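Q: So that we are looking at the same thing, I have put the structure below in structure tokens.
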Amino acid sequence: MKCPFCGHEETGVADTRVSDEGDIVRRRRKCAACEKRFTTYERAEIQLPQVVKKNGSRIEFSRAKLRASLDLALRKRPVSTELVDAAIIAIEEKLLSAGLREVLSQQLGELVMAELKKLDKVAYIRFASVYRNFEDIDAFSRAIKEVSPGTRKK
Ligand SMILES: [Zn+2]
């Protein structure tokens, strides 16, 4: 790495340390020419995709927004915060492993619904009804039927 002081091409690593959490590598470097010292930090680049909304605009993926919608769906439901955290992590991992630069908001909604379905049926239906905005009644009644097996057979 180039020296930030004199621009010399050769700098040596004097010391390498990994953070307690194991997610950051810190290196002390020393320039071979001017002998000044500097530190570099190395961390894994985790890039979640941009979310493409229905109107075509793009927004940054937001864990806070994701949590807010899960919390809303799960309001007063007997689901622990730990399980909600795990659901959020599962959604992020699916997005990361897909390696996409962009994800449609509908696809993100489907991922949320898949997690809610595992967590709590009431929350799942709440989310599904808001998410699908009652525009598609068939989709909504399908959602209800999917989570209440045996209540009404077609
Ligand atoms: Zn230098």
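Q: Taking the range 2-26, which residues are basic (Lys, Arg) and either more than 30 Å from Leu96 (Cβ to Cβ) or not in a strand (DSSP E or B) (or both)? So that I can check it myself, show each step before the final result.
A: Quick first cut of the range 2-26, residues basic (Lys, Arg) only: 2, 17, 26.
Matches in the range 2-26: Lys2 only.
Q: With respect to Phe61, is the statement that it is part of a loop (DSSP other than H, G, I, E, B), touching a helix residue (DSSP H, G or I) at 6+ places or on another chain (Cβ under 8 Å) and surrounded by 12 or more Cβ atoms within 10 Å (Cβ to Cβ) true?
A: Yes; evaluated as a whole, the condition is true for this residue.
Q: Restricting attention to the range 7-15, does a residue exist that is hydroxyl-bearing (Ser, Thr, Tyr) and more than 10 Å from the ligand (Cβ to nearest atom)? Let's see the steps before the verdict.
A: As a first pass, look at the range 7-15 and keep what is hydroxyl-bearing (Ser, Thr, Tyr): 11.
Okay, now just the ones that are also more than 10 Å from the ligand (Cβ to nearest atom), so none.
Among the residues of the range 7-15, not one is hydroxyl-bearing (Ser, Thr, Tyr) and more than 10 Å from the ligand (Cβ to nearest atom), which makes the answer no.
Q: Please pick out the residue among Val84, Val103 that is surrounded by 13 or more Cβ atoms within 10 Å (Cβ to Cβ) and under 22 Å from Lys121 (Cα atoms). It would help to see each step written out before you state the result.
A: Numbers: Val103 fails: under 22 Å from Lys121 (Cα atoms).
Every option except Val84 fails the conditions.
Q: For the range 27-53, how many residues meet the condition of being away from the ligand (no atom under 16 Å from the Cβ), in a strand (DSSP E or B) and surrounded by fewer than 13 Cβ atoms within 10 Å (Cβ to Cβ)? Quick ask: steps written out before the conclusion?
A: Quick first cut of the range 27-53, residues away from the ligand (no atom under 16 Å from the Cβ) only: 41-53.
Among the residues that remain, those that are also in a strand (DSSP E or B) are: 41-43, 50-52.
Still in the running and surrounded by fewer than 13 Cβ atoms within 10 Å (Cβ to Cβ): 41-43.
Number satisfying all stated conditions: 3.
Q: Which one is farthest from Leu83 (Cα to Cα) among residues in the range 95-104 that are under 13 Å from the mean Cα position of the chain (by Cα) and not in a loop (DSSP other than H, G, I, E, B)?
A: Per the criteria, the residue is Glu102.
Q: Return a yes/no flag: does the range 120-127 have any residue that is in a helix (DSSP H, G or I), over 20 Å from Ile46 (Cβ atoms) and touching a Gly at 6+ places or on another chain (Cβ under 9 Å).
A: Let us first name the residues in the range 120-127 that are in a helix (DSSP H, G or I), namely 121-127.
Of the ones still in play, those that are also over 20 Å from Ile46 (Cβ atoms) are 121-127.
Now narrow it down to the ones that are touching a Gly at 6+ places or on another chain (Cβ under 9 Å): 127.
Looking for residues that are in a helix (DSSP H, G or I), over 20 Å from Ile46 (Cβ atoms) and touching a Gly at 6+ places or on another chain (Cβ under 9 Å), one finds at least one in the range 120-127, hence yes.
No value in this document is a laboratory result; all are computed from the given coordinates. For clarity, every value in this text was computed on a predicted model and none was experimentally measured. Cβ: placed from backbone, ideal geometry, glycine included. Neighbour counts: every protein chain shown.
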